[in-house]
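Here is the structure we will look at, set down as structure tokens.
The values are calculated or read from the model by the stated rules, or taken from the named source; none is laboratory data. No experiment lies behind these values; they were computed from the predicted model shown. As a convention, Cβ positions derive from the backbone with ideal geometry for all residues, glycine included, and neighbour counts pool all protein chains shown. All accessible areas refer to the heavy atoms of the entire protein, side chains included, with ligands and DNA or RNA removed. Shrake-Rupley method; radii C 1.70, N 1.55, O 1.52, S 1.80 Å.
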Amino acid sequence: MRSEKLFFNSALFKKQTQRFWPIWSLYTLLMVSIIPLYTIMDYSYNSHLEASEIAIQFQNYLIDFAVHAAPTISLITGLIIACAVWSYLHNSRSSALIHSLPMNRTSLFVTNYLTGICFFLVPNILVLLLTYGVGLSIGVGGMTGILTWFYCQTMSSLFFYSFATLLAFVTGNTLTLPVLYAIFNALVIVIYQMMNWVFGEFLYGYAWNSMSKMEQWAEYLTPVYAMYENLDYTHPIEGGMVTEIHGLGMMGIYALVGVVFTILGYLLYRRRKLELAGEVIAEPFLKPVFRVGFALCGGLAMASFFYAIFYSIFAGKFFSYMLFMLLWSAIFYIAGDMILAKSVKPRRKSLKPCAVLLVVLAVFGMLLQFDVFGYEGYTPEATEVENITITIDYNDKVIPLAFAPEGEKQEIILQVLALHEDIIAEKEHTLNTIKGNDPDMIAVQQENYANGWETWDWERVTIQYVLLNGKVVEREYQIPVTEALLENDSIGNSLNEFVNSPAVILLRHFPQADKIEYIESSIDLMNDNGIEESRWVQSFGKEASQKLMDALVEDMENGRIGIEYFLETEEKANINYENIIYIVTSGKYNTEEMSNLYKWNRWNEEEFTFHTEIRLQSTATATIEALHELGVEDEFLMTRAEYREMEQVLYGTYEKW
């Protein structure tokens, strides 16, 4: 007689536990070896240490393991357990046998699902108790580390096991389950990165990873990646006890998502047809989704692959990429249909929907190519702009208008918009240069360093607008630079004039000059004795540093220092010194803004200090005079041209700038 009341069947639970004992036994052995057993061995090796040091090592090891290893272990074990407990669904004979038992589907689902939960939860509890006991035996009674591990291991296991459970009901084939599991665990972030590459290749001005919100969603929809990126901890001091663990809330959210997956899996199980065992996709309504998804992902991946292989031929040719995309999308659509039909021959009925998909792709491609959406030609109105940040050469030069004096800010915004419009107007010339279709640029490139000096270069410029409505607009461009382009009416010249205007020079080097309260500085000095080069650093105290900075600001306001020369020519090498002045300042800075603007350099997060490097230039009369007054002699100052001559004499070669 079929039971309609029981939600859990102990007999089935025991049977499944006995049948799959190698899985939970090996998992238990692995976790016992890695945590409590390792802790005992580590203690025996470090027993000579102080009790406080042992406690720190014990807690930090557990937290480090929880943060960096637990998600990976859960990713693997979740799949293995789901493949085991739901394996009967993927075999016609086993499925018929199990469903002939006097249990309803709710009881079958709950019993099998909880059996899988026990495969990792019971070992985790055992390891928790053993490790706590080990900690007490060696004099470490704190629970922070082991509870952190237990939480991270259990929450991540719940998510991945539930996700694999859902996929077990999507497919009817045990061999397909690991494939789908692997694909969906990486699918979103991979597609996002490929789309980034495609847009960056064919959308003029597209800034890599500029879709920050979409990037966040792509990250969170790739749980392994999100856990790797966001699950972390901090030390207050080097070698000290971990005091703060980041990402624990995220782990709880993923566990709740796992519960949602479980409910969806149960709903699919309630409507599942037993005869679908063995099917690649068991749910009919998901088969069209599989065909289209398989075609789009496969087409995008293979088109990008072949475009990259033949890049020297097809560089920048969007129509060539679209031909690859259409060809491979068609191949993958038909292949996906053959997989679902378990056929070695293409089916005629798949050709019509395939043709519809190709038409949609072609239309989207045309819209993108002809900038129907207005992406490439867009610049905001000056009245819409709240702030602008310009970055040149990957954060090497940052120009933050957020810190510009109010009287100068609007004027600089207008200059940026004019520069941006010039860059857009020069699109065809820039793209021809990138593709190698500009004969003048080819000739200049061939002469590069032929006479020992630089004749051409690229400047990568990123413009980020923050609009009054909160919207962020970001564009990125490569600007070709030659001596000729710097002298005529070109975007290279426009960029040169903007970057080297006095107001912008001050912004680049002292973004919050009015907030500075403390300053220290130093300068590279050098000379040679005819045999070898000597270098050293001379440091200055607060008063001397303030004097030096006042001189620097005076020269910057008059355009005599801080000038960026995009090419190393002989003329510029006689202006630029080899000597670098280093300025370190602190004060009432907007620390959050500084952290956002200077993510990789210049801003010290721990000390809240800002670091500026300024190359000494022969035109900086006030700065050179201040250095003389501070005891720096001319014989220790050397222009780039003089330094090159010294290198040539001493070493027979010279460093390219």
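Quick check on my link table: of Lys213/Lys349; Lys317/Lys345; Lys542/Lys588; Lys14/Lys342; Lys547/Lys588, which ones sit more than 28 Å apart, alpha carbon to alpha carbon? Don't jump to the answer; show the numbers that get you there.
On the way: Lys213/Lys349 39 Å; Lys317/Lys345 34 Å; Lys542/Lys588 17 Å; Lys14/Lys342 37 Å; Lys547/Lys588 20 Å.
Pairs exceeding the cut-off: Lys213/Lys349; Lys317/Lys345; Lys14/Lys342.
How much length, in nm to one decimal, is gained on full extension between His611 and Ala308, taken as 0.36 nm per residue of separation minus their Cα-Cα distance? Walk me through the intermediate numbers first.
Numbers: separation 303, 0.36 × 303 = 109.08 nm, distance 3.98 nm.
So the chain would gain 105.1 nm between His611 and Ala308.
According to the square roots a ≥ b ≥ c of the eigenvalues of the Cα gyration tensor, what is the shape class of the range 228-336, taking rounded for a/c under 1.5, prolate for a/b larger than b/c otherwise, and oblate for the remainder? Present the calculation step by step, with values, prior to reporting the outcome.
On the way: a/c = 4.40, a/b = 1.23, b/c = 3.58.
Oblate.
Can you figure out the FRET efficiency of Lys588 with Gln410, using R₀ = 30 Å and their beta-carbon distance, to the nearest 0.05? Don't jump to the answer; show the numbers that get you there.
Numbers: r = 25 Å, r/R0 = 0.83.
After rounding, the FRET efficiency stands at 0.75.
For Val32 and Thr144, what does the FRET efficiency come to when R0 = 22 Å and r is the distance between their Cβ atoms, rounded to the nearest 0.05?
Working: r = 21 Å, r/R0 = 0.94.
Efficiency at R0 = 22 Å is approximately 0.60.
Of the listed peptides 157-164, 375-382, what is their order by residue-averaged count of other C-beta atoms within 10 Å, with the highest listed first? Write down the numbers at each step before the final one.
Numbers: 157-164: 26.1, 375-382: 14.2.
Ranking the peptides 157-164, 375-382 by packing returns 157-164, 375-382.
Where nothing but the Cβ of Lys and Arg (+1) and of Asp and Glu (-1) is charged, how large is the charge dipole of the chain around its Cα centre, in debye to the nearest 20? Display every interim value, and only then the final one.
On the way: 42 positive and 74 negative charges, 1567 e Å.
With Lys and Arg at +1 and Asp and Glu at -1, about 7520 debye.
So if R0 is 35 Å, what FRET efficiency would Leu367 and Arg460 give, r being the distance between their Cβ atoms, rounded to the nearest 0.05?
The computed FRET efficiency comes out at 0.80.
How large is ³J(HN,Hα) for each residue in the range 619-636, as worked out from phi by the Karplus curve 6.51 cos²θ - 1.76 cosθ + 1.60 (θ = phi - 60°), to whole Hz, x for Gly and Pro?
Karplus-based 3J(HN,Hα) across the range 619-636 equals 7, 7, 5, 5, 5, 5, 5, 5, 5, 4, 5, 8, x, 8, 8, 4, 5, 9 Hz.
So what are the ³J(HN,Hα) numbers for the range 382-387, from phi and the Karplus equation (6.51, -1.76, 1.60; θ = phi - 60°), rounded to whole Hz, Gly and Pro as x?
Whole-Hz 3J(HN,Hα) from phi for the range 382-387: 4, 6, 8, 8, 9, 9.
Using the Karplus curve 6.51 cos²θ - 1.76 cosθ + 1.60 with θ = phi - 60°, work out ³J(HN,Hα) for each residue of the range 153-159 in order, rounded to whole Hz, and write x for Gly and Pro.
Ordered by residue, 3J(HN,Hα) equals 5, 6, 5, 5, 5, 4, 5 Hz.
Can you list residues from other chains, or at least 5 along the same chain, whose modelled amide H is less than 5 Å from the amide H of Ala207?
When sequence neighbours closer than 5 places are left aside, the close amide H contacts are Glu476.
Over the range 540-647, calculate the relative contact order: mean separation of alpha carbon pairs under 8 Å at least 6 apart, over the residue count, as a percent.
Relative contact order for the range 540-647 comes out at 40 percent.
Amide H to amide H, which residues 5 or more places from Ile479 or on other chains are under 5 Å from it, using H placed in the peptide plane?
Glu459, Arg460, Val461
If a/c stays under 1.5 just call it rounded; otherwise compare a/b with b/c (prolate if a/b is bigger, oblate if not). Do that for the range 38-149, with a ≥ b ≥ c from the square roots of the Cα gyration tensor eigenvalues.
Numbers: a/c = 4.13, a/b = 3.20, b/c = 1.29.
Since a/c reaches 1.5 and a/b is larger than b/c, the shape of the range 38-149 is classed as prolate.
Where a ≥ b ≥ c are the square roots of the eigenvalues of the C-alpha gyration tensor, would you call the chain rounded, which needs a/c under 1.5, or, failing that, prolate if a/b is larger than b/c, or oblate? The partial results should precede the final answer.
On the way: a/c = 2.73, a/b = 1.56, b/c = 1.76.
Oblate, since a/c reaches 1.5 and b/c is not below a/b.
Of Met594, Tyr582, Gln546, which is farthest along the charge dipole of the range 533-615 in the positive direction, counting Lys and Arg as +1 and Asp and Glu as -1 at C-beta?
Positive-end residue among those listed: Gln546.
Which one, Leu29, Ala341, Ile54, projects farthest toward the positive side of the charge dipole computed for the chain from Cβ point charges (K/R +1, D/E -1)?
Of Leu29, Ala341, Ile54, it is Ala341.
Could you put Trp197, Trp21 in order of accessible surface area, largest first, with the 1.4 Å probe and the full protein assembly present?
Working: Trp197 75, Trp21 140 Å².
Ranked from most to least accessible, the order is Trp21, Trp197.
In the range 512-526, which residues have a backbone nitrogen under 20 Å from the label point lying 7 Å from Glu629's Cα in the Cα-to-Cβ direction?
Only 518-524 fall inside the zone, counting backbone N under 20 Å.
Starting with the highest mean, order 490-496, 283-289 by the number of other Cβ atoms within 10 Å, averaged over the residues of each peptide. Let's see the in-between values first.
Numbers: 490-496: 21.7, 283-289: 13.0.
The densest-packed peptide leads the list: 490-496, 283-289.
Once the dipole of the range 249-365 is set up with Lys and Arg at +1 and Asp and Glu at -1 on Cβ about the Cα centre, which of Ser304, Gly293, Gly316 lies farthest towards its positive end?
Projecting each Cα onto the dipole axis, the largest value belongs to Gly293.
With +1 on each Lys and Arg Cβ and -1 on each Asp and Glu Cβ, how big is the dipole of the range 178-307 about its Cα centre, in debye rounded to the nearest 20?
On the way: 7 positive and 10 negative charges, 165 e Å.
The calculated dipole for the range 178-307 is roughly 800 debye.
If I take every Cα pair under 8 Å that is 6 or more residues apart in the range 483-601, average their sequence separation and divide by the length, what percent do I get for the relative contact order?
Once divided by the residue count of the range 483-601, the mean separation gives 34 percent.
Quote to one decimal, in nm, the extra length available between Ile580 and Glu275 on full extension: 0.36 nm per residue of separation minus the C-alpha distance between them.
Working: separation 305, 0.36 × 305 = 109.80 nm, distance 7.64 nm.
Full extension from Ile580 to Glu275 adds 102.2 nm.
Multiply the residue gap between Asp528 and Leu650 by 0.36 nm, knock off their C-alpha separation, and tell me the result in nm, one decimal place.
Working: separation 122, 0.36 × 122 = 43.92 nm, distance 0.90 nm.
That works out to 43.0 nm of additional length.
What are the residues whose amide H is under 5 Å from the amide H of Thr609, where those residues sit 5 or more places off or on another chain and H is modelled from the backbone?
Placed amide hydrogens put Asn604 under 5 Å from Thr609.
Among Phe184, Phe370, Phe305, what's the order by accessible area (1.4 angstrom probe), most exposed first?
Values: Phe184 90, Phe370 135, Phe305 110 Å².
If we order Phe184, Phe370, Phe305 from most to least accessible, we get Phe370, Phe305, Phe184.
Please report the carbon-and-sulfur percent of the accessible area for the chain; probe 1.4 Å, protein heavy atoms only, DNA, RNA and ligands left out.
Heavy-atom surface of the chain belonging to carbon and sulfur, 1.4 Å probe: 60 percent.
When the scattering of the range 523-571 is computed by the Debye formula from its Cα atoms alone, each counted once and equally, what is log10 I(q)/I(0) at q = 0.13, 0.18, 0.24 Å⁻¹?
The calculated log intensity ratios at q = 0.13, 0.18, 0.24 Å⁻¹ are -0.54, -0.87, -0.94.
For a label point 7 angstrom out from the Cα of Ile183 toward its Cβ, which stretches of the range 146-174 have the backbone nitrogen within less than 19 Å?
Within reach of a label on Ile183: 163-174.
Hey, which aspartates and glutamates would be in cross-link range of Lys397, C-alpha to C-alpha under 12 Å, not counting anything within fewer than 8 residues on its own chain?
Correct list for Lys397: Glu459, Glu564, Glu613.
How high is the relative contact order of the chain? Use alpha-carbon pairs under 8 Å, at least six apart in sequence, and give a whole percent. Could you put the intermediate results ahead of the total?
Values: 888 pairs, mean separation 65.1, N = 657.
Relative contact order here is 10 percent.
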